[in-house]
Amino acid sequence: MGIDLIRRLRLLPVVAAMAGGIALAPMAEADDNPYQRGPEPTAASLEGVGPFATAKTAVPAGSGTGFNSGTIYYPTSTSEGTFGGIAVSPGFLGGELSIGWLGPRLASHGFVVMIINTKSRVDSPIMRGEQMLAALDYLTQQSSERHRVDATRLGVMGHSMGGGGAVEATDFRRTLKASVPLTPWNLNDVRPEITTPTLFIGSQNDLIAPVNQYSEPLYEGMPKAREKAYLELKGGNHFAPMSANPVISKYGVSWLKRFVDDDLRYDKFLCPAPEVGSVFSEVRSTCPND
């Protein structure tokens with residue numbers, strides 16, 4: 001079912017009541033969605049630091065099983081309730097600092113985020129997928145911040161082989177709510193059984209993981225994904241996700257908020273999909289408008 005169709009179905013009772021002459025008072029979306037967090041999003045707010053103050057907790061090696069070490073980033077207040085949890089993996093030869101900006105950025109928009117250091121910096125995508133799942137288990141069951149996390153609302157994100165690992169994670173655990181592979185590298189490119197909503201962000205000038213060999217086949221190889229999208233950064237290279245990127249922030253946060261939090265306020269940033277132009281060199285999406 002497409003994003004836009006879901007939105008229309010939710011509006012049917014309101015439309016029917018209006019047609020019958022019944023005046024309805026505006027209803028807060030939070031009443032319909034107990035997972036909605038934060039103020040009304042804007043394009044500008046999504047491109048930068050979000051509304052939540054954040055803190056971080058180190059996870060030394062040996063704290064949990066199945067991964068090496070990492071850092072947890074989280075909103076400091078729980079006045080709005082618990083948050084969805086996200087595990088993030090770096091790419092080949094990279095440590096958590098290589099994608100360190102994603103931790104505080106995602107946390108500031110209302111997620112508890114664990115960026116991992118993998119057991120070995122040359123671990124395969126399969127190994128990285130397994131380690132992200134182990135990190136999510138640690139985050140929700142053992143970590144000092146587990147009281148902040150809703151263990152039923154979890155997602156994954158990763159760069160390069162970590163992006164390939166995000167694909168593996170959704171293949172291993174079908175209950176994940178969302179996945180965001182960033183310039184992913186994974187030789188296993190056909191995953192017909194994956195149903196997790198997945199946003200691929202590739203780069204036009206990626207020489208390490210060329211999009212026609214990696215991102216695009218992965219996207220096309222998921223016919224059963226409940227929703228999926230492919231955004232190709234115009235002029236971007238393989239390392240675009242390694243520094244604070246407003247485009248990745250806007251669409252990555254929107255995807256996670258929409259599918260981890262089921263927050264319909266983010267529909268407008270995803271559907272209809274953005275146009276090819278100055279920002280994107282190619283766009284593919286399951287939006288019904290595309």
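The values are calculated or read from the model by the stated rules, or taken from the named source; none is laboratory data. It should be emphasised that the depicted structure is a prediction, and the values quoted were computed from it without experimental measurement. Virtual Cβ from ideal backbone geometry, glycine too; neighbours counted across all protein chains shown.
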Among Ile22, Ile72, the single one that is at pLDDT 95 or above and hydrophobic (A, V, I, L, M, F, W, C) is Ile72
So, first residue in contact (Cβ under 8 Å) with a residue 60 or more places away in the chain and surrounded by 17 or more Cβ atoms within 10 Å (Cβ to Cβ) in region 257-277, second residue small (Gly, Ala, Ser) and not in a loop (DSSP other than H, G, I, E, B), Cβ within less than 6 Å, six or more apart or across chains; the pairs are Phe259/Ala178; Val260/Gly84; Val260/Gly155; Val260/Ala178; Asp261/Gly84; Tyr266/Ser254; Phe269/Ser254; Leu270/Ser254
Going through region 226-244 in order, the residues found to be surrounded by fewer than 20 Cβ atoms within 10 Å (Cβ to Cβ) and either without any contact (Cβ under 8 Å) to a residue 40 or more places away in the chain or closer than 16 Å to Gly202 by Cβ (or both) are Lys234, Gly235, Asn237, Phe239
Restricting attention to region 55-100, the residues that are touching an Asp or Glu at 6+ places or on another chain (Cβ under 9 Å), over 16 Å from Arg121 (Cα atoms) and assigned to a loop (DSSP other than H, G, I, E, B) number exactly 4
Listed by first then second residue, the pairs whose first member lies in region 63-87 and is in contact (Cβ under 8 Å) with a residue 12 or more places away in the chain and closer than 30 Å to Gly38 by Cα, whose partner is of a type in the set (Phe, Trp, Tyr) and surrounded by 22 or more Cβ atoms within 10 Å (Cβ to Cβ), with beta carbons under 6 Å and at least 6 positions apart or on separate chains, are Phe83/Phe111; Gly84/Phe111; Ile86/Phe111
Subset of region 161-197, residues basic (Lys, Arg), in contact (Cβ under 8 Å) with a residue 40 or more places away in the chain and surrounded by fewer than 22 Cβ atoms within 10 Å (Cβ to Cβ), comes to Arg173
Within region 33-54, restricting to residues that are of a type in the set (A, V, I, L, M) and assigned to a loop (DSSP other than H, G, I, E, B), the one that is surrounded by the fewest Cβ atoms within 10 Å (Cβ to Cβ) is Ala53
